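Participant: I have a structure here, written as structure tokens, and I will follow up with some questions on it.
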């Protein structure tokens with residue numbers, strides 16, 4: 001069905017991004033907002049807006065019945081979940097469809113299958129996609145965890161069977177550590193996802209995190225190349241690139257082909273991301289999970305391909321087939337994204353909400369900013385600290401890094417403390433510039449005083 005009125009069940013910069021995509025397609029938008037978000041940019045920019053509840057996300061953005069009722073009362077014929085909140089909630093996707101609306105994303109059964117890490121591993125195995133050695137299924141008690149670890153071999157990584165975002169993950173070097181950490185991981189998984197089930201994987205030391213953007217129409221799928229997402233803090237991505245530096249053409253092609261193979265095997269519809277761990281020592285990659293939604297870092301893929309991924313996923317949700325073939329997806333240059341958050345990186349990343357008293361963003365060739373700020377806007381303390389994303393594109397990686405450093409110096413967000421000093425320091429760091437990073441690199445760099453040294457050297 002043709003989508004005419006789109007309900008946006010999210011907030012912040014992704015809500016603004018969806019509004020822009022809807023305008024391209026001539027679709028009216030209705031913005032959901034909590035009582036704390038009544039002055040949000042997306043509320044002003046959308047064609048209409050509906051309050052869905054109090055400030056706490058559990059009573060607004062995570063309240064399925066409130067979101068469904070608001071969308072129906074607004075006359076929406078489709079719902080876009082953005083990322084986070086209910087974006088990967090199968091019950092929400094099912095409720096949207098049951099209410100007679102289109103869910104902009106994969107089918108509920110796909111979300112459920114790929115959202116369960118054990119089921120996702122089995123789907124990958126069946127599709128011939130390499131997986132990290134691990135437990136055959138979910139583990140519901142410590143004894144089962146210990147027995148599986150003896151078969152896999154240490155070090156091992158505990159993960160929540162449901163959910164993502166780094167919740168419930170623990171690494172154990174031996175059995176004593178595993179017995180101590182398993183109850184913690186179960187408790188965290190239960191609190192975060194309502195499911196304390198775990199699964200176990202062999203821990204790969206110093207891996208890189210490389211993911212592949214895919215787009216499917218339920219039958220066929222294409223990839224839009226890979227992204228490097230190894231620079232992480234507490235398993236949250238900080239600095240993202242397209243493509244992955246130093247990756248051989250053989251490995252790149254194999255990884256992208258594997259992502260498409262998996263997407264087609266599960267009948268994937270819409271935008272999604274297949275995530276891999278890459279072991280440089282053996283030039284090997286392993287599937288770890290699939291994100292059944294648009295990603296924060298989709299921007300870098302758009303910059304190197306010229307595609308509008310949000311427009312494509314809305315069109316596909318409305319019944320369209322893939323608008324292009326794999327051969328028509330062409331890579332151009334290199335792109336980098338940094339996440340600008342309301343946190344003080346020089347004060348252990350303490351949250352720093354407040355009122356924006358002055359604001360200006362860099363402009364120029366190859367520079368893009370996705371944000372939701374304006375002068376006088378008060379950033380609420382209730383939600384994720386992401387303020388916006390600074391993205392640059394250039395002919396090659398070295399030029400892109402220089403462009404990023406220049407663009408960061410052109411950012412002015414007064415009244416808040418942000419992560420801009422961190423990104424400036426990273427842009428100047430020799431290890432990052434050489435591409436010699438892994439998933440544990442940033443935390444080691446921070447612990448060793450890399451940011452403080454940069455600050456003292458007045459390079460920020």
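Participant: Along its three principal axes, how long is the stretch 67-120 when you only count alpha carbons? Whole Å, largest extent first please.
Facilitator: Principal extents (Cα only, largest first): 38, 19, 14 Å.
Participant: In addition: Quick one, can you get me the convex hull of the C-alpha atoms of the stretch 208-456 expressed as volume per residue in Å³?
Facilitator: So the per-residue Cα hull volume is 132 Å³.
Participant: No solvent, one uniform scatterer per C-alpha: report log10 I(q)/I(0) for the stretch 280-410 via the Debye equation at q = 0.11, 0.17, 0.22 1/Å, two decimals.
Facilitator: Values, matching the q order: -0.56, -1.14, -1.32.
Participant: Cβ neighbours within 10 Å, averaged per peptide: list 5-12, 238-245, 251-258, 279-286 in order, most packed at the top.
Facilitator: 5-12, 238-245, 251-258, 279-286
Participant: While we're here: The stretch 334-355 to the stretch 361-387: how many Å between their Cα centroids?
Facilitator: Computed from Cα coordinates, the inter-centre distance equals 11 Å.
Participant: Largest first and in whole Å, give the semi-axes of the stretch 74-179's equivalent ellipsoid, each being the square root of 5 times a Cα gyration tensor eigenvalue.
Facilitator: Ellipsoid half-lengths, sorted descending, are 35, 14, 10 Å.
Participant: What fraction of the Cα pairs in the stretch 133-202, stated in percent, has a spacing above 21 angstrom?
Facilitator: For the stretch 133-202, the share of Cα pairs beyond 21 Å comes to 11 percent.
Participant: Report, please, the projected area of the stretch 5-104 averaged over directions, based on the convex hull of its C-alpha atoms, in nm².
Facilitator: 5.2 nm²
Participant: If you take the Cα atoms of the chain, find Rg, then find the Kirkwood Rh from the mean of 1/r over all pairs, what is Rg/Rh?
Facilitator: With Rh from the inverse mean 1/r over Cα pairs, Rg/Rh is 0.94.
Participant: Take the Cα coordinates of the stretch 344-460, assign each an equal point scatterer, and use the Debye formula without solvent to give log10 I(q)/I(0) at q = 0.16, 0.21 Å⁻¹.
Facilitator: Cα-only, vacuum Debye calculation for the stretch 344-460: -0.85, -1.32.
Participant: Another question about this same structure. How would the stretch 183-222 be classified by its alpha-carbon gyration tensor: rounded, prolate or oblate, with rounded meaning a/c under 1.5 and the a/b versus b/c comparison settling the rest?
Facilitator: Because a/c hits 1.5 or more and a/b fails to exceed b/c, the stretch 183-222 counts as oblate.
Participant: From the P(r) of the stretch 224-292, could you give the percentage of C-alpha pairs in the tail past 13 Å?
Facilitator: Of all Cα-Cα pairs in the stretch 224-292, 68 percent lie more than 13 Å apart.
Participant: For residue 73 and residue 141 in one chain, what is 0.36 nm times their gap in residues minus the Cα-Cα distance, to one decimal in nm?
Facilitator: Difference between extended and current length: 20.0 nm.
Participant: Using 0.36 nm per residue, how much length does the chain from residue 283 to residue 248 gain when fully extended, once their Cα-Cα distance is taken away?
Facilitator: That works out to 11.7 nm of additional length.
Participant: For the residue pair residue 448 and residue 355, what label-to-label distance in nm results when each label sits 7 Å from Cα along the Cα-to-beta-carbon direction?
Facilitator: Between residue 448 and residue 355, the label points sit 4.3 nm apart.
Participant: Hey, quick one: spin label on residue 321, modelled 7 Å out along Cα-Cβ, who in the stretch 2-26 has an amide N within reach, i.e. under 20 Å?
Facilitator: 2-3
Participant: Suppose a student asked you for the relative contact order of the chain, using Cα pairs under 8 Å spaced at least 6 residues apart; what percent would you report?
Facilitator: Value for the chain: 14 percent.
Participant: Want the number for residue 109 to residue 45: 0.36 nm per residue separation, take away the alpha-carbon distance, what's left?
Facilitator: 19.7 nm
Participant: Then there's this: Size of the stretch 114-237 along its principal axes in angstrom, Cα-based, largest extent first?
Facilitator: Taking max minus min along each principal axis of the Cα atoms, the stretch 114-237 gives 45, 29, 28 Å.
Participant: Explain nothing, just the number: relative contact order of the stretch 259-304, from Cα pairs under 8 Å at least 6 residues apart, as a whole percent.
Facilitator: Taking the mean separation of contacting Cα pairs over the length of the stretch 259-304, I get 33 percent.
Values in this text are rule-based calculations from the coordinates and carry no lab data. Note that this is a predicted model, so its numbers are computed, not measured. Because the Cβ atoms are built from the backbone with ideal geometry, glycine has one as well, and the counts that use them run over all protein chains shown.
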